[in-house]
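Throughout, read-outs are computed from the coordinates displayed, never taken from laboratory work. Since we're looking at a predicted model, the values are computed, not measured. Cβ: placed from backbone, ideal geometry, glycine included. Neighbour counts: every protein chain shown.
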Amino acid sequence: MNLRRISVKSVLLIVYSTILLALLILPHYKYSVTYMVIILASAPFVFAYAICDLHILRKIGFIFVWLAIIALLRFMWNTPFYISGAVNTSIILYLCILAYFIFEILMMRDNRREIFWVIVITCFMLALIGFNTFREFASNPTVARLLANGTTEDEYINLLRSKNVGGFGFSYCIGMLTPYIAMRVARAKWKNKIPGILLLGLLLVFIFYTQYTTLLLLSVFFTACAFVTKSNNMIFKITFLIIFAIVLLELKDIFLYLTIHVKLENLASHFNDLYIMMTSGKSSSSRTELYGNAFALFLKNPILGADLTDASNAYIVNHAHSTFFGMLAGGGIVGTGIYYGIFFKVIKNIKSALGDIKDIFPVFIMFFVLSFLNPVSHFEINIVVFMLIPLFEYKYKKG
């Protein structure tokens, strides 16, 4: 790894990366700046490096081709001759993986100080949002769930965003950090485990207070899996499997206990819904119905997806509550394959840069599982999964 002193070019790279990441992470800018402004701001940065370095061009060139194919398919089939509707999915996906392009540029330059400062600045922005959000919980315990609302007309929501309080995307990006930190704790020497354990505990407490039940369950599960996967102690693994089996057998009673004793109303309500679903097979949640509607629409148009100029079809796709089911209904097998193919290409490129991704593989698995249950087209989630954690891993490997 390059140990050169920071140059003017390095400073410009760090500043440019900071601006782009701030536009994608900080709610104050994310909801006040249009997507087109971010695209125009990032284009010179991405294309200048792609054109000047054939290695980067080979890595990201195919991604841009696939983004163009998605837009073309939508233009020809899903939203015929409606340019805005056709390019929308490709634009959002480009912005989601923009931070991955920053990762590739940093890998190409291989400058320790550049990587260090991008990590520090990104973590600072996340910590700022986390602090503001946690402080807001005191006056409104449901604030993280409230900010899942994408509206920009509500004055209270706009006020929260102007104060850089985080919502759905931020909450889930914090969840993505937990299995990786668990991996780092598991492979650290005993004297170095304490800071990681404290950080992991802090993140899990924050996740609990967001009242996102799916996030809490996924974070706990994948954190536990990370500990077991990394552990070389067979007794620990056997003990965990026994405890896991007991938890599964008693799961409905655990949910009932949490329903009664958890003081956060929304979270207790969701635990109660899970208990009812496990005991009676019924659920008050509309999520399964939304998945079902999207899948039924997919079955009508399995190859290329539905006609999204039909308001009813567009509503089903946009309210599928799942990236996978939304893409399946709106893009069919072809569109969904290309969409997920882009993420697999990104992961393949990250593996090429790092040499080995077994320690961050649980993060990628958690990302794909989440995409079945919730939307993952939130910039913060993708920044953590495809830039921040790979940069942490690269720095860890290089020392």
Length-normalised contact order for the range 2-108 - Cα pairs under 8 Å, 6+ apart - percent
22 percent
Out of all Cα-Cα pairs in the chain, roughly what percent, to the nearest whole number, are more than 42 Å apart?
12 percent
Under the definition of Cα pairs under 8 Å and six or more residues apart, what whole-number percent is the relative contact order of the range 119-243?
26 percent
Fraction of alpha-carbon pairs in the range 96-181 farther than 19 Å apart, rounded to whole percent, equals 50 percent
Within the chain: Cβ-based charge dipole about Cα centre, in debye rounded to nearest 20 (Lys, Arg +1; Asp, Glu -1)
1680 debye
Pull up the cross-link candidates among the aspartates and glutamates for LYS263, meaning alpha carbon to alpha carbon under 18 Å and not fewer than 8 places away within one chain.
GLU136, ASP253, ASP273
Computed on Cα atoms, the radius of gyration and Dmax of the range 251-356 in angstrom are 18.8, 49
Could you give the distance between the Cα centres of the range 122-176 and the range 307-374, to the whole Å?
24 Å
If the reach is capped at under 16 angstrom between alpha carbons, list the lysines near LYS252, excluding any in the same chain fewer than eight residues apart.
LYS282
Count the net charge of all other residues whose Cβ sits under 13 Å from the Cβ of LYS345, scoring Lys and Arg as +1 and Asp and Glu as -1.
+3
Cβ-based net charge around ASN266, under 13 Å, with every Lys or Arg adding one and every Asp or Glu removing one
0
Taking the range 161-254, which trypsin sites (Lys or Arg not before Pro) meet the DSSP loop condition and have no more than 15 other C-beta atoms within 10 Å?
LYS163, LYS189
Pair-distance profile P(r), taking every C-alpha pair of the range 337-399, with 5 angstrom steps and integer %
4, 16, 30, 27, 15, 6, 2, 0
Per-residue [θ]222 nm for the chain (sum of -39500 (n - 2.57) over DSSP H runs n ≥ 4, rounded to 500):
-25000 deg cm²/dmol
Using DSSP loop states and a limit of at most 14 other Cβ atoms within 10 Å to flag GluC sites (Glu not before Pro), what is the longest stretch of the chain containing no flagged site?
1-152
Given labels modelled 7 Å from the Cα in the Cβ direction, how far is it in nm from LEU241 to VAL120?
4.5 nm
Over the range 236-289, what is the mean sequence separation of C-alpha contacts under 8 Å (at least six apart), divided by residue count, expressed as relative contact order in percent?
25 percent
